[in-house]
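To start, the structure itself, in structure tokens.
Where a number appears in this text, it was derived from the coordinates with a stated rule and is not lab data. Since the model is a prediction, treat every value here as computed from it, not as a measurement. Positions of Cβ are generated from backbone atoms using ideal geometry, with glycine treated the same way; all protein chains shown enter the neighbour counts.
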């Protein structure tokens, strides 16, 4: 019996089941009420009070039966709603486990579970790419500190030791001769030059991590500073702005600056471009960023939808993630040997 009920439940849609249940209750109620009135009216006198009592009893029974049947019919939807509540509270592994609840409900459950699976895969992929991006950035910082700053500081230390040794060897009775002073002075000046160079390298590195000009003067000034520091790479960069006289919100300025920075970094590393065009336009309700280069381009699907996370473009992924943080959208148009055009729209709240 349970097997037959289960098969019937799986065969009919929710709409059909509700329609049949309600129609059956109405029909049975009408038949039962009519039969009861006929039986009672044949045995005793039927007053209006009897009619009202029977009406109340019939309606009450119909409502109770209807409630019980509908509760059974809508049970899968309640379970679906409970699972959605679990997911919204952070239980991302929760899934709806309903079988043979009807074509419509089964399709809804399968679609919901499939959506959760895709979100979980995307979350894992995104986390993996974010970690790789962080590790790559740490490697870059460590490499620059080792190749530039560390070597300069090592050289500074050696010159200081040489100067101290020179002073010790050439000091007699606690006094350094006048002939030896120029040598000591030159060493000290050389140490000062190395110190200044080290400070410039550290300043450059910290500016790349978080340029203070962005906080002090805003997006336009920060992007112009970025362009000025990028042009020594050999590219010709044309920058145009409109409507950026006033400051934007902090999150929009940070996202916009990082997107432009990441785009220029990608162009330098991969595009082999000669010219780059950057346009920033404030349309009052949204900030439009247009970046175009005449580089070698790439196959869009291979980079944006890689078969493996390690094959994807971290730079493009980071740009997309940053745009989505402020409900923005990014569109990339490219092809091999046809350059790359990046269009970003960030809503201004």
When only alpha-carbon atoms are used, what values of Rg and Dmax, in angstrom, describe the range 164-255?
23.4, 72
Measuring from label point to label point, each 7 Å out along Cα→Cβ, what is the residue 93 to residue 338 span in nm?
4.6
What's the exposure ranking of 202, 98, going from fewest to most Cβ atoms within 10 Å?
202, 98
First check a/c for the range 212-261, with a ≥ b ≥ c the square roots of the eigenvalues of its C-alpha gyration tensor; if it is under 1.5, answer rounded, and if not, answer prolate when a/b is larger than b/c or oblate otherwise.
prolate
Both in Å, the radius of gyration and Dmax of the C-alpha trace of the range 212-347 are 14.5, 44
At a 10 Å Cβ-Cβ cut-off, how would you order 84, 115, fewest neighbours first?
115, 84
Percent relative contact order of the range 212-347, based on C-alpha pairs within less than 8 angstrom and at least six residues apart?
24
Sort 320, 203 so the one with the fewest other Cβ atoms within 10 Å of its own Cβ comes first.
203, 320
Quickly work out the residue 203-to-residue 56 label distance, labels modelled 7 Å from Cα along the C-beta direction, and quote it in nm with one decimal.
9.2
Linear extension gain, residue 238 paired with residue 85, 0.36 nm per residue minus alpha-carbon span
50.0 nm
Determine the gain in length on full extension of the stretch residue 65-residue 161; use 0.36 nm per residue of separation and subtract their C-alpha separation, reporting nm with one decimal.
24.9 nm
